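The values are calculated or read from the model by the stated rules, or taken from the named source; none is laboratory data. All values reported here derive from a predicted model rather than from experimental measurement. We place every Cβ from the backbone using ideal geometry, glycine too, and count neighbours over all the protein chains shown. Keep in mind that these areas ignore ligands, DNA and RNA; they rest on the heavy atoms of the full protein, side chains included. Shrake-Rupley method; radii C 1.70, N 1.55, O 1.52, S 1.80 Å.
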Amino acid sequence: MMTLAKLMRRSETAVFLIVAAIMVVIGLINPAFWQADNLFNLLRANVIIGIMALSVLVVMISGGIDVSFPAFAAAAMYLTVLAMNAYGHEGVMLPFIGATLIGLICGLANAFFIHTFRMIPLIVTLGSASVVRGLLLGLVGTSIVNIDRMPPALIAFGRSSLDIGGAKLSVMVFVYLAIAGAVWLFLSRTLTGRSIFAYGDDAESAKRVGFNTRRTVYVAYGLAGALAGFAGLLHASMIWLANPRDFVGYELDVIAAVVLGGASIFGGRGSVLGTLLGVFLLVLIKNSLIIMRVDNTWQGVVVGGVIVVATALTAWRDRKTLA
Amino acid sequence: MAVPLIELRGVTKRFPGMKALDGIDFAIAPAEILCLAGENGSGKSTLIKIVSGVYAFDEGTLLIDGVPVSGFSPRAAIAAGVQVIYQDFSLFPSLTVAENLAMGRLLSEGRRLVSPAECRRLGAQALARLDVAIDLDARVGDLSTADRQIVAIARALMSETRLLIMDEPTTALTGREVERLFTLVREIRARGIAVLFVSHKMREMLEISDRICVFRNGRKVEEGPTTDFTEARITRAMTGQDLGHERYGWTGDAAAEPRLRVRGLSVGEAVRDVSFDLRAGEIVGLSGLLGSGRTELALALFGMEPEHRGTVLLDGTPLSLASVPEAVEAGIAYVPEDRLSEGLFMSQSIARNVVASAIERATRGPFLSDDAMTALAERTVADMKIATTDVEKEVGKLSGGNQQRVIIGRWLLTGPRVLILNGPTVGVDVGSKAEIHRRIRELAVKDGLAVLMISDDVPELLHNCNRILLMHRGAILDDLDPRGLEEDDIHSRLKTLR
């Protein structure tokens with residue numbers, strides 16, 4: 001039984017209340033906010049950041065950090081789109097599997113270095129991000145694949161939507177929620193998923209109890225890479241554009257969303273629900289700033305400020321429970 | 001004795017350059033509580049690791065149920081029913097109690113999926129066996145240390161356990177929690193399970209065990225039923241010498257201006273209207289249960305509770321004690337309870353740790369001078385009898401007793417007039433402990449240092465203090481004269497306070 005007090009102490013509750021409060025305020029300022037069109041657009045804007053946030057969440061729970069996902073996403077997207085054009089492929093299933101596999105391989109490479117040489121994840125993923133981006137731009141090319149050359153199947157897939165009361169809700173939102181559900185099941189209901197928490201708590205103890213910690217590390221980073229690769233191609237299909245320089249600066253937004261959702265940078269803590277709420281909160285703030293015509297540069301100030309305040313609040317709360 | 005559960009005959013274990021165990025005969029019978037006593041490095045930990053299969057030994061035989069076993073491994077030990085509870089419990093704070101309990105079973109069965117209902121069922125079973133109630137859905141990280149330990153014990157007893165090894169299980173527990181643990185250990189014994197107990201606290205060994213084995217320098221030096229032992233005999237066996245347990249007497253001028261005069265000191269709800277005097281050369285004990293406000297009192301005197309009320313005078317001069325530098329400047333030194341997190345820089349050298357609080361004494365112009373630093377550190381090492389030949393050695397590589405001496409030595413460099421010690425010998429072995437006590441007494445007598453000693457170790461207070469203040473719920477209840485008092489007098493006093 002979850003009592004009300006317990007519910008109130010969960011960080012998910014806090015994020016939810018903040019989201020609700022912001023929505024009420026924006027709704028008062030501009031009632032058009034509550035129109036289905038606007039809300040559906042907002043949800044659509046959650047999809048890519050959200051899938052990437054889930055990828056970072058898994059790594060963060062294991063006690064690591066991943067800043068390579070934007071590069072992996074760009075590589076998976078660009079290579080897949082180029083390959084589709086080269087072979088004139090008409091489906092979407094195979095390309096998405098391909099993009100996911102490219103991300104998976106990159107993620108496993110991260111895991112290899114982190115596990116074999118006991119390297120610090122931040123350094124490894126910074127390095128692999130740089131290498132992957134460099135190789136992509138140097139060997140594959142820098143030209144943007146515009147809408148006129150984008151595979152039509154991909155565009156059609158990205159456009160698919162449901163008509164709900166005259167407003168269009170992108171099917172991609174359901175793809176996102178399905179992935180979130182799968183990640184939740186994986187994290188909470190499989191032994192490997194639980195081993196990621198255990199590993200993030202105390203790697204040594206995890207080994208002592210009998211977890212195969214090598215597999216834990218490979219699964220965590222592999223899954224993170226795979227999700228990034230998938231999100232990369234999905235992004236291209238939603239914006240009808242494949243730019244190899246895409247996703248620069250996504251690290252901050254995504255990691256911010258995960259931290260807002262209550263995950264701990266020190267490992268062991270974090271939840272899918274919290275991450276979904278954190279992503280929604282971040283997108284909501286950014287969108288409202290656009291609606292309020294706040295300059296792009298000032299958006300960075302607001303996002304950065306939100307991160308600092310949110311982490312300060314969680315740190316303050318943790319210290320209070322410790323005392 | 002019936003056929004022992006596990007027996008070692010003539011077991012020797014060598015490490016490069018030393019014999020960790022030298023021809024040990026050792027046996028533990030079913031339903032027996034055996035205490036291993038010995039200083040750090042005496043071979044207790046090596047013995048535990050041999051019995052749990054972690055170390056292979058060089059000579060001798062290991063028998064299980066009277067049958068010699070070869071190639072004993074951790075897996076074989078677990079199969080033989082040996083379970084070890086390490087000091088850190090090896091639990092996962094993010095997972096629930098139920099998951100922590102069930103995880104081992106699920107893993108050994110090679111499961112892939114985790115069902116919360118099954119975890120809860122396995123967990124409830126494990127807790128029911130110990131007849132304890134802990135919220136199965138609580139995250140282990142939210143539990144108290146004592147409850148975490150119970151979860152660790154419950155987990156260890158989930159398999160067919162026949163021998164439970166507990167490494168210093170009482171270190172982080174309060175008095176009442178220790179009693180609960182002992183009740184649990186006795187219940188475990190009643191089920192025919194043997195318990196091997198490692199502890200530094202002699203009182204506890206005498207209370208809980210059926211038999212005591214004392215190790216020194218890799219040899220078993222004494223063994224016998226607990227009824228044959230006294231604290232003095234254990235100490236003698238552990239250290240090979242009689243440590244003088246002469247009590248500390250203070251011969252000063254009681255009419256003189258006290259070194260520290262505390263009047264009406266309050267810190268929030270934790271310390272309420274506390275007044276006492278501390279004279280030069282006095283060693284005053286501060287006893288009380290955990291949460292009695294003794295640590296807050298010490299922190300207030302060290303300038304870490306700027307919100308306090310009341311007056312504190314040092315040699316007649318009022319102190320505002322609004323910050324640590326101010327307290328240090330005034331001549332107050334504080335050796336914290338947890339030297340790992342509050343005092344030492346583990347990866348730094350002894351020399352750097354020693355000068356950390358007195359950096360201005362090791363400078364030439366605006367720069368730190370290596371020579372001055374080394375000279376200061378070497379003097380402190382000699383002064384505190386820290387066992388090292390090299391002041392550049394990492395502090396983390398020293399034993400607990402030596403680390404504690406580094407901290408005390410560091411504070412002495414600041415030229416303190418009042419020294420506050422919080423648990424000065426927690427986790428320190430007997431020999432080191434006596435050495436630290438000797439040094440503290442010497443400082444009080446020779447240098448006229450006023451010492452305030454907070455400790456859970458009642459004999460430590462009785463032997464080293466000329467007065468003992470008893471604190472409860474933030475107030476000083478009594479000012480005791482240790483002369484004529486025995487340990488049990490204070491223990492029974494503390495018990496009535498609960």
Estimated FRET transfer efficiency (A:Asn212, B:Ala255; beta-carbon r; R0 51 Å; 0.05): 0.10
Any idea of B:Leu412's accessible area? Nearest 10 Å², probe 1.4 Å. 30 Å²
State which entries of B:Lys220/B:Lys446; B:Lys220/B:Lys495; B:Lys49/B:Lys433; A:Lys207/B:Lys220; B:Lys397/B:Lys495; A:Lys207/B:Lys393 exceed 29 angstrom in Cα-Cα distance in the structure shown. B:Lys220/B:Lys446; B:Lys220/B:Lys495; A:Lys207/B:Lys220; B:Lys397/B:Lys495; A:Lys207/B:Lys393
Roughly what angle does helix B:97-108 make with the longest principal axis of chain B, taking Cα atoms, 0 to 90 degrees, to the nearest 10? 40 degrees
Per residue of region A:212-218, what does 6.51 cos²θ - 1.76 cosθ + 1.60 with θ = phi - 60° give for ³J(HN,Hα)? Whole Hz please, x for Gly and Pro, Karplus curve as stated. 7, 6, 4, 5, 4, 5, 5
Excluding ligands and nucleic acids, what accessible area in Å² is computed for A:Met292 using a 1.4 Å probe, to the nearest 10? 110 Å²
Divide by every residue of chain B the summed helix terms, -39500 (n - 2.57) for each DSSP H run of at least 4, and state the resulting mean residue ellipticity at 222 nm, rounded to the nearest 500 deg cm²/dmol. -10500 deg cm²/dmol
With a bin width of 10 angstrom, please list the P(r) values of region B:368-479 as percents of all Cα-Cα pairs, from the 0 bin to the one holding the largest distance. 12, 43, 31, 11, 3
Long-range amide H partners of B:Asp58, meaning residues 5 or more apart or on another chain whose placed amide H is closer than 5 Å, are B:Thr12, B:Lys13, B:Arg14
Could I have the simple spin-label model distance between A:Arg293 and B:Gln125, label points 7 Å from Cα toward Cβ, reported in nm to one decimal? 6.9 nm
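Dipole of chain B, Cα-centred, from +1 at each Lys and Arg C-beta and -1 at each Asp and Glu C-beta, to the nearest 20 debye?
Numbers: 60 positive and 69 negative charges, 169 e Å.
Dipole size: approximately 820 debye.
Before I look further, what does region A:35-246 give for accessible area per residue, probe 1.4 Å, in whole square angstrom?
On the way: 8660 Å² over 212 residues.
Each residue of region A:35-246 exposes 41 Å² on average to a 1.4 Å probe.
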Given a 1.4 Å probe and the protein chains all in place, what does the accessible area of B:Thr230 round to, in Å² to the nearest 10? 80 Å²
Give the separation of the Cα centroids, region B:207-270 to region B:381-454, in Å. 16 Å
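Can you compute the equivalent ellipsoid semi-axes for region B:193-331, i.e. the square root of 5 times each eigenvalue of the Cα gyration tensor, sorted largest first and rounded to whole Å?
43, 20, 13
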Taking θ = phi - 60°, what integer Hz values does the Karplus form 6.51 cos²θ - 1.76 cosθ + 1.60 yield along region A:247-259, in sequence order, with x for Gly and Pro? 6, 5, x, 5, 3, 4, 4, 5, 4, 4, 4, 5, 5
Compute the distance from the alpha-carbon center of region B:91-164 to that of region A:24-61, in whole Å. 39 Å
If I compute solvent accessible area with a 1.4 Å probe over the protein chains, what percent of it on region B:1-154 is carbon and sulfur? 52 percent
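With N set to the number of residues, divide the alpha-carbon radius of gyration of region B:420-465 by 2.2 N^0.38 Å and report two decimals. Before the final figure, lay out each step's value.
Values: Rg = 10.1 Å, N = 46, 2.2 N^0.38 = 9.4 Å.
Rg over 2.2 N^0.38 Å, computed on Cα atoms: 1.07.
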Helix B:370-383 versus the longest principal axis of chain B: what angle, 0 to 90°, nearest 10, using Cα atoms? 70 degrees
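With runs of 4+ DSSP H residues as the only contributors, calculate the mean residue ellipticity of chain A at 222 nm using -39,500 (n - 2.57) per run, divided by the residue total and rounded to the nearest 500. Write down the numbers at each step before the final one.
Details: 14 runs with 238 residues, N = 323.
Using -39500 (n - 2.57) per qualifying helix, the result is -24500 deg cm²/dmol.
What is the diffusion coefficient of the protein assembly as shown in µm²/s, taking the Kirkwood radius over Cα pairs and the Stokes-Einstein relation at 4 °C with a viscosity of 1.567 mPa s?
Working: Rh = 30.9 Å.
For these conditions, the coefficient is 42 µm²/s.
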Integer Hz, Karplus 6.51/-1.76/1.60 couplings in order for region B:38-50, x for Gly and Pro: x, 6, 4, x, 7, x, 4, 5, 4, 4, 4, 5, 6
Running Debye on region A:117-258 with equal point scatterers at the Cα sites and no solvent, what base-10 log of I(q)/I(0) appears at q = 0.11, 0.16, 0.17 Å⁻¹? -0.60, -1.07, -1.15
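On alpha carbon coordinates alone, what is the Rg over Rh value for chain B, Rh being the Kirkwood radius? Mind showing how you got there, number by number?
Details: Rg = 24.8 Å, Rh = 24.8 Å.
Rg/Rh for chain B comes to 1.00.
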Could you check what % of the DSSP bridge pairs in region B:6-239 are antiparallel, to the nearest 5? 55 percent
At A:Arg149 and A:Leu177, where each label point lies 7 Å from the Cα along Cα→Cβ, what is the point-to-point distance in nanometres? 3.8 nm
Relative to the first principal axis of the alpha-carbon coordinates of chain B, what is the inclination of helix B:400-413, with its axis defined by its Cα atoms, in degrees from 0 to 90 and to the nearest 10? 10 degrees
Once you place label points 7 Å from the Cα toward the Cβ at A:Thr142 and B:Thr311, how far apart are they in nm? 7.7 nm
What total accessible area, in Å², is buried where chains A and B meet, using a 1.4 Å probe and rounding to the nearest 100? 1700 Å²
Set of region A:71-95 residues, backbone N closer than 11 Å to the point 7 Å along the Cα-Cβ line of A:Ala156: A:90-92
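Report, as a whole number in µm² per second, the diffusion coefficient that Stokes-Einstein gives for chain A at 37 °C and 0.692 mPa s using the Kirkwood radius over alpha carbon pairs.
The Stokes-Einstein estimate is 161 µm²/s.
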Taking H placed 1.01 Å from N in the peptide plane, check which residues at least 5 places from B:Ala27 or on another chain put their amide H under 5 Å from its amide H. B:Leu8
Cross-link reach from A:Lys286 to lysines, straight Cα distance under 27 Å and at least 8 residues apart if same chain, gives A:Lys168
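Please report, in debye to the nearest 20, how large the charge dipole of region A:35-246 is about its Cα centre when each Lys and Arg carries +1 at its beta carbon and each Asp and Glu carries -1 there.
400 debye
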Cα-based Kirkwood hydrodynamic radius, region B:1-149, one decimal, Å: 17.7 Å
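Counting alpha carbon pairs within less than 8 Å and at least 6 residues apart, what relative contact order, in whole percent, applies to chain A? List each step's numbers first, then the result.
Details: 496 pairs, mean separation 108.4, N = 323.
Over chain A, the number comes to 34 percent.
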